[in-house]
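What follows draws every value from the coordinates through simple rules; no lab data is involved. Everything numeric in this text was worked out from a predicted model, so none of it was measured. In this analysis, Cβ positions are derived from the backbone assuming ideal geometry, glycine residues included, and neighbour counts consider all displayed protein chains.
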Amino acid sequence: MSSVVERAELFARAAHGAIGQVRKYTGEAYVTHPIRVMGLVKSVLNDPDALAAALMHDVIEDTKITKSDIIELFGNRIGAMVVALSDPPAIEGGPNRKARKASDRERLGKASAEVQTIKVADLIDNTESIVAHDPKFAKTYLEEKRLLLDVLTLADPHLVEVARRQITVKKGD
């Protein structure tokens, strides 16, 4: 593993660990999710910056870490990827979920191939947990995922196929 990837993993562990963040359904340490996402990305991309961004894809939206922190510590390219993967802060009384998800699709549809590939890996890992532990919400999530996959045209085709199979299998259950 390259030093930037090792530094990113330590950083993500510290950022998520500092707030005691755990996975919603399993209670496991949150960092296990970005580590799995990075593993999926690593199976299709040999880009240390993308692997580092995969490890930190949730730190801006979930912790006190800022875009400036990421750029200062990891540079502009990794910083830009992490920012592209981060949901904008929720605004009280702001747009409803449907409008936010439409905005996310528009933003991510314009993102780089690396960012789109990381997002697909994120969707794959989240689907496993949501479908297993929250079948009611899974119906909404799988439809949002299907719509998002339609705009992630630059993402790695193998991971897109894995993600699409998850939707087909789950809908057929």
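Things worth noting here:
- Filter result (in contact with a Leu (Cβ under 9 Å, 6 or more places away or on another chain) and small (Gly, Ala, Ser)) within region 112-130: 112, 113, 121
- Extreme residue, surrounded by the most Cβ atoms within 10 Å (Cβ to Cβ), among residues of region 1-38 that are of a type in the set (Gly, Ala, Ser) and touching a residue at least 12 places away in the same chain (Cβ under 8 Å): 8
- Residues of region 129-144 that turn out to be closer than 19 Å to residue 34 by Cβ and of a type in the set (Val, Ile, Thr), as a count: 1
- Single residue of region 78-100 satisfying the filter (crowded, with 16+ Cβ neighbours inside 10 Å and in contact (Cβ under 8 Å) with a residue 24 or more places away in the chain) that is nearest to the chain's Cα centre (by Cα): 85
- Scanning region 9-25 for residues that are in a loop (DSSP other than H, G, I, E, B) and under 16 Å from the mean Cα position of the chain (by Cα) turns up 21, 23, 24.
- Members of region 143-159 that are part of a helix (DSSP H, G or I), surrounded by fewer than 19 Cβ atoms within 10 Å (Cβ to Cβ) and hydrophobic (A, V, I, L, M, F, W, C): 147, 151
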